[in-house]
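Reviewing the structure listed below.
The values are calculated or read from the model by the stated rules, or taken from the named source; none is laboratory data. Everything numeric in this text was worked out from a predicted model, so none of it was measured. Here the Cβ positions follow ideal geometry from the backbone for every residue, glycine too, while neighbour counts run over all protein chains shown.
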Amino acid sequence: MQYSESLETPRLEERNVQKALLRVFARIVRATHRDLGHASRGVHAKSHALLEGTLTIPANLPPELAQGLFAQSARYRVTARLSAIPGDPLRDAVSGPRGFALKIHDVPGTLLPDNQGVAVQDFLFANGTVFGAPDAEGFLKNLRVLALTTDRAEGAKAALSRVLRAIQKTLARFGRESAALDALGGFIPTHPLGDRFHSQVPLRYGDHVAKLDLVPESESFKRLTGTLIAIDQEPTAIRRAVALDMAREGGRMSLRAQLCRDLHDHPIETAATEWNEATSPFHVVASLEFPPQTSWSEAKSRQIDDRLSFSPWHGLAAHRPLGNIMRARRVAYPFSAGLRSKLNGCPMRFLPLSEEKPEAEGAASS
């Protein structure tokens, strides 16, 4: 299906929902600052790994895949952030889905206005096939529940998580896993380097529309798929597990695109509908390589967790985010970043400090 501005159908009430989202994000960010002395992201507060790597786009992709950033064979430096999804830095025993934010440096082409002239492309992923709500209104309802317990009752959350994980494991034996249980703390704690991550919501893909995913490519990552991490005793068990594997050998992931073929099987505005892979399978468009490295340190955290911003609206016009959830993110993420920047006295940046022009500072994402 060809990209067209008419594919999006904004609703009249979206503006009010977005304003309400800002109030909830403010409540979460202010709560972490008040109780922890440091304001966290409104979502994805805790990082499991902070990685540097290279994205390689191959030559001779088919014309419908050779679009936007992927039109030419090239290599780009990348910065990636593997994170927990809640807005407060909970111990790992509260087990939920993970996020994977990818920042591609020095991209060529026409930038979205949100970039403020910084040549970067961000893609955001999570390890669930669909977003946790069909639209921003549903996201607001979920976030309000999380806001009520931000930085509260962590022990109770961990106890509930153990119960929900047991239920989820039983459901998994029958192929009936529940995304709702995952979100509540029942996510089975697999090793994230072996997980599959999804963009969940669509974006422009040059002349087309697509969703993206990341899957293990190297044997070093493939053998981690399904491997469980013991999370109940160590607050940062996931961070330690990733650090051990990244120090030993690193690995590669494939970045893939799934093209929108028709709006029935591949809707634009409904974020909770999985796109049919039978009518449009994923195709590899790039390889993402992470060499052996120290995957987390306090110094890296100060540079990336505290200063670096990620947003799907940082990127090329050829990869403009699409749909209700993406429009809400355009409002909520800069607000969240701006608030934590103000509370922490730490400017937000689009790229690591050494690479970005001083005048390009500014609030940018959650």
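Descriptive notes on the structure:
- Scanning segment 194-207 for residues that are farther than 11 Å from H319 by Cβ and either in contact (Cβ under 8 Å) with a residue 40 or more places away in the chain or crowded, with 24+ Cβ neighbours inside 10 Å (or both) yields a total of 7.
- Candidate set from segment 259-309 (those that are surrounded by fewer than 20 Cβ atoms within 10 Å (Cβ to Cβ) and small (G, A, S)); member that is nearest to A179 (Cα to Cα): A272
- T110 vs. criteria surrounded by fewer than 17 Cβ atoms within 10 Å (Cβ to Cβ) and in contact with a helix residue (DSSP H, G or I) (Cβ under 6 Å, 6 or more places away or on another chain): yes
- Filtered residues of segment 66-122 (kept if farther than 24 Å from T190 by Cβ and among the aliphatic types (A, V, I, L, M)): A66, L69, A71, A74, I104, V107, L111, L112, V118, A119, V120
- Taken together, the residues in segment 300-354 that are of a type in the set (S, T, N, Q) and closer than 20 Å to H198 by Cβ amount to 2.
Conditions tested, residue by residue: (1) in contact with a His (Cβ under 8 Å, 6 or more places away or on another chain); (2) β-branched (V, I, T); (3) part of a loop (DSSP other than H, G, I, E, B).
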| residue | (1), (2), (3) |
| --- | --- |
| R11 | no, no, yes |
| A26 | no, no, no |
| H44 | no, no, yes |
| L51 | no, no, no |
| P63 | no, no, yes |
| R77 | yes, no, no |
| S83 | yes, no, no |
| G87 | yes, no, yes |
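- Residue check, W296 of a type in the set (F, W, Y) and farther than 28 Å from G206 by Cα: yes
- The condition (being surrounded by fewer than 17 Cβ atoms within 10 Å (Cβ to Cβ) and at pLDDT 95 or above) is satisfied by just one residue among A317, A328: A317.
- Residues in segment 85-120 that are under 13 Å from the mean Cα position of the chain (by Cα) and at pLDDT 95 or above: R98, G99, F100, A101, L102, K103.
- Looking across segment 242-291, the residues that are outside any loop (DSSP other than H, G, I, E, B) and acidic (D, E) come down to D245, E289.
- Restricting attention to segment 296-351, the residues that are over 21 Å from H105 (Cβ atoms), of a type outside the set (D, E, K, R) and within 14 Å of the chain's Cα centre (by Cα) total 2.
- Entirely in segment 109-214, the helices (runs of 4 or more DSSP H) that have 1 or more residues that are closer than 15 Å to A93 by Cα and among the small types (G, A, S): 154-173, 179-184
- Considering the conditions (1) basic (K, R); (2) surrounded by 17 or more Cβ atoms within 10 Å (Cβ to Cβ); (3) touching a Ser or Thr at 6+ places or on another chain (Cβ under 9 Å), R256 is excluded by exactly one of them, (3).
- Among the residues making up segment 219-228, those that are surrounded by fewer than 18 Cβ atoms within 10 Å (Cβ to Cβ) and either under 19 Å from L124 (Cα atoms) or of a type outside the set (D, E) (or both) are K222, R223, T225, G226, T227, L228.
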